[in-house]
Each structure stands twice: as C-alpha cells, then as structure tokens.
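A.B. asks: Take this structure, written in structure tokens, and hold onto it; I'll ask about it next.
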Amino acid sequence: MDQLSITRDKARAYLKKVQRTDGFFPYKASGDPSTEATAWAAIALCKDGEPAPVDALRALANSQGTKGGWATRQDTGRPDWTSGPATLALRVAMPRLKPVLASEQKLDTSSRRGLDYLLESRTDFYGPTARLLLFLTKGRSGLDYSRGWPWDPECFHWIEPTAYCLMAAKIPNQPKKGALGEMIELAERFILDHHCIDGGWNHGNNITLGAYLPSYRLTTAEALLALQNRRDEKKVDQAVHYLSKQSQSDTSAHALAMSILALAAYQKSHATNFDLELQQLMARQKDDGSFGHDSSVLVTALALLALETALDTDDQLLVMK
Amino acid sequence: MEEDKKNQDENTKEGAKVDRRDFLIGAAVVAGAGASAAGLTGCSGGGDSKITRDIPLKLTPSQIERKRQGMSQVAIVPVADYSGDIYAHIKESLAATKFAWPNLKGKTVVLKPNMVEYRADKPVTTNPALLKAAIAMAQDLGAGKVIVAEGPGHMRDTEFLLDVTGLGGACREMGVPFVDLNLDDIEKLDNAEGLTGLKHFYLPKTIVHADAVISVPKLKTHHWVGMTCSMKNLFGTVPGRKYGWPKNLLHIKGIPHSIIDLQHLVKPAMAIVDGIETMEGDGPINGTAKHLGQVILGQDLAAVDATCARILTLKPQEINYIKLAGMCVGNIDEGMIEIIGTPIASIATPYKMPITFTNKELLKQAAQQGS
C-alpha cells in the first residue's frame, strides 16, 4: 500500500475511534460533542458508508434548533456560525449515503431547514433603524449592501463564518435564482470587498485606521473554497496566487489541509507545490493517525478530506458541481 | 429544538433581535419617517453596535461588594531582556521585600499568555521567555499541575501560532500542556450581576475548573481601549467555538463591561506582565516596539493595570475599563497600591497612543467597521 493510502487509513481509523456513542464527534478525543467537528468528520467519512457518517448526520439532525440552526453544542444557547458547517455536512454527505438514508425524510428536511436558517439569520447586520435610514436615503438599493454571516447572531459579519455558510449554500450545487441566490451574491461581494492588499483574506477587515492588514493562509483557503464559482474575478485569481506562494511554508496541518482543498477546487492539483503541500501534510500525521494540535478531530477530518483530493481527482466533495 | 426561543431570550437581557421577515415588516411600517443615513457606509459594521458605549456611572451595591478590600501590592522588577533565568532574577529581586506571592501549593494553575495573532516584526504576543518564567514561578510555588492555555482572538490556526510565537516550544521545554481554549469543552456560568447584560457566559472547562488562573499579558497600547494588559488579556479565556474569532460579542456588549464581567467570572489569582519589550502606537497589533525593561507582578489585576497605565504616563481614571475596575474589582488609587521594587517615577515614559485614543470620531468609525 502506498504512503498516501496508509496515511489516509490511519486518519480514518482515528476519526472512527473518537466518535462518541451518541454519534457526535468532539473537538478532541473524549470531549463533549462539537457541531463543527461532527460536520467535518461526517463529510470526511461519508464515502465509507455506515455507521460513522450516518450516525453523525442523525446526531446533527437531532440537535437542530427550532429555527433550523445549530449551536456549537446542544444546550449552549442560540444557533451560531456552526449552522454553516452542519448544513454543509447534510448537503454534501447525504447524497453519498442515499442507499442507507433513503427512508429517512428527517435528514432531507433538516438540510432544507438548515438552508432556510442561513437565509433568515443573516440580516442582523445593521439594526432596523439603520436599515430604515439606508432605505430612506438610498432607496431599495440601499439595502443591497454586501453582507455575510456573523459568528454570533448579534455580531458583525466576518470572513470565516461567511465562507462556511457560503460553502453550505453552494456545495454541491448552486441554488437557482431567488432569495438564496441573492443572499449568495451579497455574501460573495462581502468577501470580495474585504480582499487584502497582499492577495488573500484575514479574519476581518483589509484596512483599519489607515493600516493595511495582512492575509492569513487558512482564511484565504476558506474564502477561496467559498468563491470557487467566481474564479474569473481578479481578486480570486490574486488569492489563488497568494495561496500558491505559501506552499514553501510548512505552517500547520490545519492551514495545509485547507490550502490543499482550495487548490484542488481551483484545479491546481497538478502543480508541484500541491504535491509538496501533500507531503508536508502527511509528515505532520501523528502516531495515532491524527493531525493538528492536541490530536484535533476537526483538523484530522480536514486532513483526510485533503488527502482524498490526491486519490479521487474526479470525485471531490468540496468542489461545486 | 424547543431550546431556541429560550436560548435567544437567555442570551441577552434585551431579548431577541429582529430577523429578515421582522425587518421587512418593520421597514414598511416606519418608512417615510425621514432621516439621514450619513455614516452608515461601513461594509462590515453594525449600526446598533455598542462598542463605544459609555461605562455606567453607578453600580449596584452587590456589584460594588465584589471589589477587593484593603491595600494591594504591585511589584516592578527591572528585567533588561529575555535572556537568562528570568524567574530566578525576579525571585532574587523580591526576596528581601514584603511582596506576597500567591498560595499555589497543590493547585491546578492555568497560565494565560497573550497569543492573539502573529506579526513577525512586532511584539504582539507574550514572549516565550516570560512564559517560561511564569511556569517556573508556578512550579516553584508548589503548583500541583501547571497548564498553559489561550484562545487566540484573531486566528483559528492555533498550531501555527504556537509554532511561530515560540510559545508552543516554551511549553514543550517546560513540560507543561497547552490547551486551546477556543475549542475546549465549555460550561455555562451565571452572569446575573454582570455589566454586559449577558445573563451568562460559556467558558472553557479548563478555566472553570482551575484553582488559580494567572494572566501573563504583553503590555501594549490598544486602539479600542487605550491600553491592554492583565485584565483585557482575559478576553482570550472566552471560547471561539461559541463566540468566534474575534470574540465579537465582547466588543458589542462593551469592552470595559466585558472585561469586568470576566474578572468576576474567571477570578484571576495573579498577573505577571511582560513589560520588557512592549508596544506603542497603533496597538495591539500594528504598533511599534518600545523597550521598557520591566516585569510587573501582583495579585490585584486592577492595581497591576493601573500601575502599568501610570508607567505609560496615562491616568488610570481616563481608561474606562480601569476606572470601572476601580469601582468593583480592585484598587486603582495610588494611595491604595504599595509599589515594591522600581519606583514608577523612575521608569514612567510617555507612549505614543493610538490615534483613536484622542480622536473619538475615528474610534466610532472604526467601530462601524467592526475591526
């Protein structure tokens, strides 16, 4: 067996080992349930069939809030940014598990409700008074300001939650026009508006108080995955270039995994630096099969997905159809 | 589940905000009222933000009761650079003084450095040598277990930060674990007496179950609040998995208010301030390095921060969160703080302040941008 397959199998085994009996995955072994870790692990394992990803999807569906969103863990308050990854997991993993889940209407419903939540939850951005002022002074176009999603419903919008929610809305298939399509366009514009001068994206603003702020490798990769249908945009092209330039830097398993996933989505998998990043990522695997600080379940799931890009070039889970 | 509505109401005393449908109805009802939208052009801002909200002038008796009683001690120890055994030097410097070290015997001690973000050429984070000194101190004082823990405020990539800042290497060298507070398991804590209006906070179990939390900040200017030191450093105890990167809700609810609530929830036992290479100007990220050459220690974090403000020639009463801390956390009046070691007057030096410190209009603009 080649090294890539061995690495992948070890990562897969680690994930299955740390899955909780209730179907959830924790952020680290023996931890409490994590919506985000469960979502990414379900995606990473969905080609395996049951029981691991099926149990994970059922756990997500069962922990969905009444408005269709998810909190970081059940019983931890109102829905938050993890609604993006959870919806993405249902949308991406369910079609792969159709033979097993065909009779489970609840998961289909859960996926749709997740999208509805993303649609309904995004306008806590300007308050009602501010939006009224925008409407009165600029007309309907005043309300078409670019906007994405916040980490917490009461807060500003940021690049990463916007990227996660955009991925959920667009992968595997972009929705038809309509409210969801309009939402996607505004969120794409939000990310593009915050493009940093050095080519990529950081967690928030590209400029603050007159100072240009630098990009982060991880955030740039996440944003690129969310903008993969906008590859004709100059800023997107610059971001791919920025990300490719980072390949010589073996920075972290988390950034490497996301970078590989993003470069694969932009068909850069033939590039030498892509192979280099794969080698760097594989070298970071720990003896127990995990990746990342403290044997992170989240990073291990992302690493497994990244390793899959080299094995199944025609069947990429995070590439828009 | 049925939890949603309850959770929404529980999260804030103000209750739920409107969603898309509510807004469309509301807009139709009030359209025509006539107003100006000047200033609402920020692309990521929240028009109803309370980032620049004023601090309360009056506190309830139960909030005031939380204030530390009696005099406070703050030690100021000259440490020229990050070489050598810093803890041994500090210990020797304070050996002949009345400085009271905290009782850490047998306790689980969590050291919380500042690892908010990384800039190769700027002193953004606590220096690893200072962290090692803090670990050595906790071990020397008999701690049963020492943990280093942080929830970086801007970057999700903790593995990267641990590597490039040298803080991960410091933990390995000293044989202590590092916990990423952003992804730790969380527990719900009551905050009914808090100033933010949040009825409760979710905090990491590592913090909740620690016997003693020690703040190990980097002394820097700060474009939102003037200065960041031991109390503001506790923002990093708030988990990103719940509040995000950055922990934006703490800004929205008022930075001074959030700082005070965290003092009362985390109950830090001590602060050891990295005041060796500090930051002035557009801190806490984009400022420039300034050598101060001091380590500042104390068990009353309000007193420590007030003392650091005085070293920067700032008046503690003019920094909102320190002023507020003086009302309900600890001592900030000079007369109530016993300085041990270097006299403030001998090292006090003006720092270049962020432009927002004097230009409040710019501060409001930046608040609109959510930076």
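The values are calculated or read from the model by the stated rules, or taken from the named source; none is laboratory data. Model, not experiment: these values are computed from the prediction. Neighbour counts are summed over all protein chains in view; Cβ atoms, including those assigned to glycine, are modelled from backbone coordinates with ideal geometry. Please note that ligands, DNA and RNA were not included when accessible areas were found on the heavy atoms of the full protein model with its side chains. Shrake-Rupley method; radii C 1.70, N 1.55, O 1.52, S 1.80 Å.
A.B. asks: Need one word for chain A: rounded, prolate or oblate. Basis is the Cα gyration tensor (sqrt eigenvalues a ≥ b ≥ c); a/c below 1.5 gives rounded, then a/b vs b/c decides.
C.D. replies: In terms of gyration-tensor shape, oblate.
A.B. asks: Can you tell me how the range A:218-321 classifies by the Cα gyration tensor, rounded, prolate or oblate, using a/c under 1.5 as the rounded cut?
C.D. replies: prolate
A.B. asks: Further question on the same structure: Mind jotting down the distance between the C-alpha centroids of the range B:275-321 and the range A:83-109, whole Å?
C.D. replies: If you average the Cα positions of each part, the centres end up 52 Å apart.
A.B. asks: How large is the accessible surface of residue B:154 in square angstrom, using a 1.4 angstrom probe and rounding to the nearest 10?
C.D. replies: 40
A.B. asks: I need the Debye-formula profile for the range A:44-142: one equal scatterer per C-alpha, no solvent, reported as log10 I(q)/I(0) at q = 0.12, 0.14, 0.20 1/Å, two decimals.
C.D. replies: With no solvent term, the Cα-only Debye profile gives -0.48, -0.59, -0.92.
A.B. asks: Okay, moving on. Of A:29, A:253, A:262, which is the most mobile in a GNM of chain A whose springs link Cα atoms less than 10 angstrom apart?
C.D. replies: Ranking A:29, A:253, A:262 by mean-square fluctuation puts A:29 first.
A.B. asks: Report the label-to-label distance for residue A:116 and residue B:105 in nanometres (one decimal), using points 7 Å from each Cα along the Cα→Cβ vector.
C.D. replies: 6.2
A.B. asks: For the range A:172-184, in order, what is each residue's ³J(HN,Hα) by Karplus, 6.51 cos²θ - 1.76 cosθ + 1.60 with θ = phi - 60°, in whole Hz (x at glycine and Pro)?
C.D. replies: x, 10, 6, x, 5, 4, x, 4, 5, x, 5, 4, 5
A.B. asks: With the other protein chains left in place, how much accessible area per residue, in square angstrom, belongs to the range A:1-70 at a 1.4 angstrom probe?
C.D. replies: Accessible area per residue: 35 Å².
A.B. asks: Let me cross-check residue B:164: its accessible surface, 1.4 Å probe, with only protein heavy atoms counted, in Å² to the nearest 10?
C.D. replies: Roll a 1.4 Å probe over it and residue B:164 shows about 50 Å².
A.B. asks: Name the residues whose placed amide hydrogens come within less than 5 Å of the amide hydrogen of residue B:145, ignoring near sequence neighbours (fewer than 5 apart) on the same chain.
C.D. replies: B:107, B:108, B:109
A.B. asks: Next up: Name the shape class, rounded, prolate or oblate, that the alpha-carbon gyration tensor gives for the range B:52-170, where a ≥ b ≥ c are the square roots of its eigenvalues, rounded holds for a/c under 1.5, and otherwise prolate holds if a/b is larger than b/c and oblate otherwise.
C.D. replies: Cα axes put the range B:52-170 in the oblate bin.
A.B. asks: In whole Hz, what ³J(HN,Hα) sequence does the range A:2-16 give by Karplus (6.51, -1.76, 1.60; θ = phi - 60°), x for Gly and Pro?
C.D. replies: Karplus-based 3J(HN,Hα) across the range A:2-16 equals 6, 4, 4, 5, 4, 4, 5, 5, 5, 5, 4, 5, 5, 4, 5 Hz.
A.B. asks: When DSSP assigns beta bridges and you keep just the ones with both residues in the protein assembly as shown, what percent turn out antiparallel, to the nearest 5?
C.D. replies: In the protein assembly as shown, DSSP labels about 60 percent of beta bridges as antiparallel.
A.B. asks: While we're looking at this one, here's another question. Under the rule of at least 5 residues apart or a separate chain, name every residue whose amide H is placed under 5 Å from the amide H of residue B:294.
C.D. replies: B:79, B:275, B:276
A.B. asks: Arrange the residues A:113, A:284 by how much accessible surface each exposes, largest first, with a 1.4 angstrom probe.
C.D. replies: A:113, A:284
A.B. asks: Moving to a separate point now. What ranking of A:182, A:160 comes out by heavy-atom accessible area, probe 1.4 Å, highest first?
C.D. replies: Descending accessible area places them as A:182, A:160.
A.B. asks: Which whole-Hz ³J(HN,Hα) couplings does the range B:215-222 yield from phi under the Karplus relation 6.51 cos²θ - 1.76 cosθ + 1.60, θ = phi - 60°, glycine and proline marked x?
C.D. replies: 7, 10, x, 9, 7, 9, 6, 9
A.B. asks: Could I ask something else about it? List nothing, just return the count: lysine pairs in the range A:1-113, 8 or more apart or interchain, with Cα separation under 14 Å.
C.D. replies: Close lysine pairs found across the range A:1-113: 5.
A.B. asks: Turning to a different aspect of this structure: A plus B alone minus the pair: what accessible area, both sides summed, probe 1.4 Å, in Å² to 100?
C.D. replies: When A and B are taken together, about 6400 Å² of accessible area is lost.
A.B. asks: Let me ask something else about it. Taking each residue in B:354-364, count the Cβ atoms of any other chain within 10 Å of its Cβ, then average. What number comes out?
C.D. replies: Neighbouring Cβ atoms belonging to other protein chains average 1 per residue here.
A.B. asks: Near the amide H of residue B:227, under 5 Å away, which other amide H atoms are found, from residues 5 or more places off or on another chain, if H is placed in the peptide plane?
C.D. replies: B:222
A.B. asks: Further question on the same structure: If the viscosity is 1.002 mPa s and the temperature 20 °C, what translational diffusion coefficient in µm²/s does Stokes-Einstein give for the range B:201-356 when Rh comes from Kirkwood over Cα pairs?
C.D. replies: Answer from the Stokes-Einstein relation: 137 µm²/s.
A.B. asks: Separate question: Output the Kirkwood hydrodynamic radius of the range A:140-255, Cα pairs only, in Å rounded to one decimal.
C.D. replies: Answer for the range A:140-255: a Kirkwood hydrodynamic radius of 14.6 Å.
A.B. asks: Another one. Largest first, what is the accessible-area ranking of B:89, A:195 with a 1.4 Å probe?
C.D. replies: B:89, A:195
A.B. asks: Then there is this: Roughly how many Å² of residue B:319 are accessible to a 1.4 Å probe, to the nearest 10?
C.D. replies: Here the residue's solvent-accessible area equals roughly 0 Å².
A.B. asks: Still on this model: Taking the Kirkwood radius as the inverse of the mean 1/r across Cα pairs, report the Rg/Rh of the protein assembly as shown.
C.D. replies: Radius of gyration over Kirkwood radius for the protein assembly as shown works out to 0.96.
A.B. asks: Comparing A:151, A:201, A:81, which has the greatest mean-square fluctuation in the GNM of chain A with Cα pairs linked when under 10 Å apart?
C.D. replies: A:151
A.B. asks: Additional query: Quote the Stokes-Einstein diffusion coefficient, in whole µm² s⁻¹, for the range B:121-188, based on the Kirkwood radius over alpha carbon pairs, a temperature of 4 °C and a viscosity of 1.567 mPa s.
C.D. replies: D, rounded to a whole number, is 101 µm²/s.
A.B. asks: Post the alpha-carbon centroid distance, the range B:239-271 to the range B:93-150, in whole angstrom.
C.D. replies: Cα centres, the range B:239-271 to the range B:93-150: 20 Å.
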